[in-house]
1. Taking the stated definitions as given, is Gln111 assigned by TED's automatic domain parsing to the domain that holds Pro128 and assigned to a loop (DSSP other than H, G, I, E, B)?
2. Can you confirm whether the stretch 35-42 contains a residue that is touching a Leu at 6+ places or on another chain (Cβ under 6 Å), buried (at least 19 other Cβ atoms within 10 Å of the Cβ), assigned by TED's automatic domain parsing to the domain that holds Lys106 and not charged (D, E, K, R)?
3. From Ala68, Ala33, grab the single residue that is in a helix (DSSP H, G or I) and not aromatic (Phe, Trp, Tyr).
4. For the stretch 157-185, which residues satisfy the criterion of being of a type outside the set (A, V, I, L, M), surrounded by 15 or more Cβ atoms within 10 Å (Cβ to Cβ) and within 19 Å of Glu70 (Cα to Cα)?
5. Let me confirm something: among Glu93, Glu66, Glu88, which residue is in the same structural domain as His12 (by TED's automatic domain parsing), at pLDDT 90 or above and not polar (S, T, N, Q)?
6. Every residue in the stretch 135-156 that is in a loop (DSSP other than H, G, I, E, B), modelled with pLDDT under 50 and surrounded by 13 or more Cβ atoms within 10 Å (Cβ to Cβ), please.
7. Would you confirm, using the coordinates I've provided, whether Ser47 is out of contact with any His (no Cβ under 8 Å at 6 or more places or on another chain) and surrounded by fewer than 16 Cβ atoms within 10 Å (Cβ to Cβ)?
8. With Tyr96, Tyr91, Tyr103 as the choices, which residue is crowded, with 17+ Cβ neighbours inside 10 Å and outside any helix (DSSP H, G or I)?
Amino acid sequence: MKPIQILLVDDHRILLDGLRTLLDRNEEFKVVAEASEGHQALLKLRSYLIDVVLLDIRMPQQDGFETAKEIMALFPSVHILVLSMHSERSYIEKMYHLGVAGYMLKNSGRQEILEGIRTVASGKRHFPTELLPSLFDEGKSRGAGELTRREREVLKLISLGLSNVDISHKLNLSVETINTHRKNMMRKLEVNNTASLVRLAIQKGWLEA
C-alpha cells in the first residue's frame, strides 16, 4: 500500500525534526518535503505529489491562513491538517470555515497526530472533539463555509449544466481537479449532491452576474 505523502510546514526546526522522526518510524507515512513558510510550501507542492500538508499558523512572510487559502485554490486534492500551538476558538473556527481538513494542537499525543493524518487523508475532517458540536451547529445555521474564487467559478459553470469534462476544458484544468472542487464545495457547504449545492448557491446569491 502506498504511504501517505506528507509535506511539513513549520518555521521551528526542532518541531520539523520531531515530526519527521515520528512519521519515519511508520511505513504508513512518508515525509517527502519540508518548508519553513508559506511561499516555500507552495513551491514544494509544485515539485512533489503531496497527500497531506501539516501546516503551522504563525510563520514568517506568509501565515497559515493565507497559505491554506492558496493551497486549497491551487491544489484542491491536497488535505490540510493544521498543527498549531493556538487553542483559541477563533483560530480553530477560522480554519474550519476556510475549509481545511483538520486542526490539532502541537501538544497532542503521538498516536493522536498519526490518527489525525489518517483521518484527513481518507477525506474526512478532524477537529478538536470539544468544539465539534458548536462548529457543526454554526455551519448548519450559516449554511456555508467560505468558497475560494476558483470554487465559485466552478460552481457558476456547474449551475449552467456543464459537465466536469466541459468545465475542465473551459478552465484548462483536469477533470480530476474539477471533481475535487465539486467534492470540496459539498463538504464545506454540508450538502450531499449537486442539486442541493446549486440550490444553496442560488439562495445565497452567489450565481448572480
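The values are calculated or read from the model by the stated rules, or taken from the named source; none is laboratory data. These numbers were taken from a predicted model, which means no experiment stands behind them. Here the Cβ is made from the backbone with ideal geometry for all residues, glycine too, and neighbour counts use every protein chain on show.
1. No; evaluated as a whole, the condition is false for this residue.
2. no
3. Among Ala68, Ala33, only Ala68 is in a helix (DSSP H, G or I) and not aromatic (Phe, Trp, Tyr).
4. Thr177, Asn179, Thr180, His181, Arg182, Asn184
5. Glu66
6. The one that is in a loop (DSSP other than H, G, I, E, B), modelled with pLDDT under 50 and surrounded by 13 or more Cβ atoms within 10 Å (Cβ to Cβ): Ala144.
7. Yes: the conditions hold for Ser47.
8. Residue meeting the stated conditions: Tyr103.
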